[in-house]
Amino acid sequence: MKFYDLSRSLCEWERLPEWRGKVKDALSRNEAGKIPPFHLLSLPGMSAAEQRACAELWMRARLEASQAERDGLAFAFLPPAGPRIRLGYLSCDFHEHATAHLMAELFESHDRERFEVCAYSYGPDDGKGMRERLERGFERFVDIEHLSIADAARAIHADRVDILIDLKGYTRATRTAILTFRPAPIQVNYLGYPGTLGGDICDYIVTDGFLTPPGSEADYSEAFAYLPGTYQPHGRRAPIGARPTRKEAGLPETGFVFCCFNQAYKITPEVFDIWCGLLGTVPGSVLWLLGNPKAEDALKNAAYRRGVVPDRLVFAAERPQIEHLGRLGLADLVLDTSPYNAHTTASDALWAGVPVVTCPGGTFASRVAGSLLHAIGLPELIAADPAAYHDLALGLATHPGRLSRIKAKLGANRLDTPLFNIQAYTGHLERLYETMWQRHRDGLPPGTIGRADRGP
């Protein structure tokens with residue numbers, strides 16, 4: 001697996017079957033700490049149960065190594081510091097980052113009469129406006145970047161945080177190991193990592209009925225905390241910039257624009273086969289992708305081998321968020337990836353008025369776009385299998401009236417559905433936090449809270 005991460009970012013797919021075999025073999029032999037759990041999210045053919053097994057094995061050796069230090073601290077918890085529940089959000093992404101864009105309005109919307117809202121940041125200050133906004137949005141913004149894992153846990157415990165919410169999981173630059181010291185009586189896995197953390201690191205995972213339907217509990221170490229709409233927040237004040245011309249965006253003047261702005265490592269050969277089939281069937285169409293100089297040649301070559309002229313692929317340069325949202329309106333249809341879906345990129349597209357077609361699998365990461373589509377009232381854009389995904393996208397691309405009706409429905413639903421109603425969303429999340437806290441005060445162990453009102 002030494003070169004797996006690099007190869008996926010370059011869209012070099014030749015060794016995918018070999019890597020999948022190595023992962024399954026390592027899991028079957030219970031080899032601890034060999035494979036980062038994040039790798040399994042985008043590796044085709046991995047189940048949610050295997051993702052949990054990988055997370056458990058990944059943490060085993062690390063927990064053993066820190067056992068003596070954790071035993072030496074053995075935090076005890078004093079009675080609450082005041083009438084409000086003290087929330088601590090833990091992340092290294094409190095700056096210009098996708099998580100920050102999703103959550104900024106949520107932090108600002110918390111009811112300060114019931115909750116004290118604190119940030120624990122171990123990431124850099126990039127000096128941009130989002131960092132300043134977030135620092136204003138919390139009552140306390142604590143920089144723990146230069147503290148050790150143990151000292152960071154000490155600081156959180158000393159602040160008497162009631163509920164510690166981890167926003168990173170096993171993603172890049174994580175310090176999830178802080179949670180293994182148990183500095184707060186309740187710990188929550190939320191938003192940043194689309195899967196279980198394994199072990200007893202977190203008590204709850206914030207989810208919804210589409211992401212983790214009843215019957216999937218065994219695949220998660222955390223108890224389910226169900227939100228009624230979707231697990232993902234998205235503000236309704238995100239400004240959409242002016243729409244450029246197609247020429248300014250590097251797109252041809254005419255022709256249908258299929259779009260996917262997911263990171264290159266999420267693209268699999270199976271999905272790319274479908275995309276190229278659509279390009280071959282829809283005359284004059286193009287596939288608009290997020291620019292990645294390291295992967296563009298590989299994708300062009302892959303298209304050529306599938307009978308598609310490489311210039312049918314158009315690569316978009318990075319732009320500030322406001323400009324990115326503005327140009328999204330030039331896309332006709334977003335094509336999702338699998339098994340690692342569009343997450344922020346999906347809700348951004350829906351916010352900009354562009355429909356998304358997805359094909360969910362059996363893992364959390366593969367069901368996020370479906371969760372968002374349910375929340376905005378467009379379940380008809382969720383395909384049952386890859387063949388249906390192709391047919392759905394083809395039908396929308398070749399029947400303008402059908403696509404127009406979908407876009408009109410998206411426009412009508414945009415603000416009055418759970419996905420973009422941040423005040424309602426925050427209220428539902430706060431009720432979950434209050435239920436967690438009440439169960440703890442009553443001496444009850446973590447258990448499913450909320451209602452799974454939507455299944456597969």
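The values are calculated or read from the model by the stated rules, or taken from the named source; none is laboratory data. It should be emphasised that the depicted structure is a prediction, and the values quoted were computed from it without experimental measurement. Don't worry about glycine lacking a Cβ; one is built from the backbone with ideal geometry, like all the others, and counts go over all protein chains shown. The accessibility values were calculated without ligands, DNA or RNA, using every heavy atom of the protein model including side chains. Shrake-Rupley method; radii C 1.70, N 1.55, O 1.52, S 1.80 Å.
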Which of (1) open to solvent by 60 Å² or more (accessible area, probe 1.4 Å); (2) more than 20 Å from ALA298 (Cα to Cα) does LEU6 not meet, given it meets every other one?
(2)
Any chance you could count how many residues in region 185-221 are open to solvent by 10 Å² or more (accessible area, probe 1.4 Å) and over 16 Å from the mean Cα position of the chain (by Cα)?
13
Quick one: which of ARG160, ARG175, ARG133 is of a type in the set (D, E, K, R) and either free of Cβ contacts under 8 Å to residues at least 24 places away in the same chain or in contact with a Lys or Arg (Cβ under 7 Å, 6 or more places away or on another chain) (or both)?
ARG160
Criterion first (modelled with pLDDT of 95 or more, more than 19 Å from ALA331 (Cα to Cα) and assigned to a helix (DSSP H, G or I)) does HIS390 satisfy it?
no
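Let's see how each residue does on (1) part of a helix (DSSP H, G or I); (2) crowded, with 16+ Cβ neighbours inside 10 Å; (3) within 22 Å of the chain's Cα centre (by Cα):
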{"position": "ALA26", "(1), (2), (3)": "yes, yes, no"}
{"position": "CYS54", "(1), (2), (3)": "yes, yes, yes"}
{"position": "ASP71", "(1), (2), (3)": "yes, no, no"}
{"position": "PHE77", "(1), (2), (3)": "no, no, no"}
Within region 261-286, restricting to residues that are under 23 Å from the mean Cα position of the chain (by Cα) and of a type in the set (A, V, I, L, M), the one that is farthest from LEU325 (Cα to Cα) is VAL271
From the set of residues in region 82-116 that are in a strand (DSSP E or B) and touching a Lys or Arg at 6+ places or on another chain (Cβ under 8 Å), which is most open to solvent (accessible area, probe 1.4 Å)?
ARG86
Pair list, Cβ under 9 Å, 6 or more apart: region 136-151 residue in contact (Cβ under 8 Å) with a residue 24 or more places away in the chain and open to solvent by less than 60 Å² (accessible area, probe 1.4 Å), other residue among the charged types (D, E, K, R) and not in a helix (DSSP H, G or I):
VAL142/ASP159; ILE144/ARG175; ILE149/ARG175
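Results for (1) over 24 Å from the mean Cα position of the chain (by Cα); (2) of a type in the set (D, E, K, R); (3) more than 24 Å from ILE382 (Cβ to Cβ), shown as yes or no for each residue.
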| position | (1), (2), (3) |
| --- | --- |
| LYS409 | yes, yes, no |
| HIS428 | no, no, no |
| GLY447 | no, no, yes |
| ASP453 | no, yes, no |
Filter pass, ALA225 being modelled with pLDDT of 95 or more, surrounded by 23 or more Cβ atoms within 10 Å (Cβ to Cβ) and assigned to a strand (DSSP E or B):
yes
Matching residues in region 153-183 - criterion: being part of a helix (DSSP H, G or I), at pLDDT 95 or above and either surrounded by fewer than 20 Cβ atoms within 10 Å (Cβ to Cβ) or in contact with a strand residue (DSSP E or B) (Cβ under 7 Å, 6 or more places away or on another chain) (or both)
ARG154, ALA155, ILE156, ALA158, ILE178, LEU179
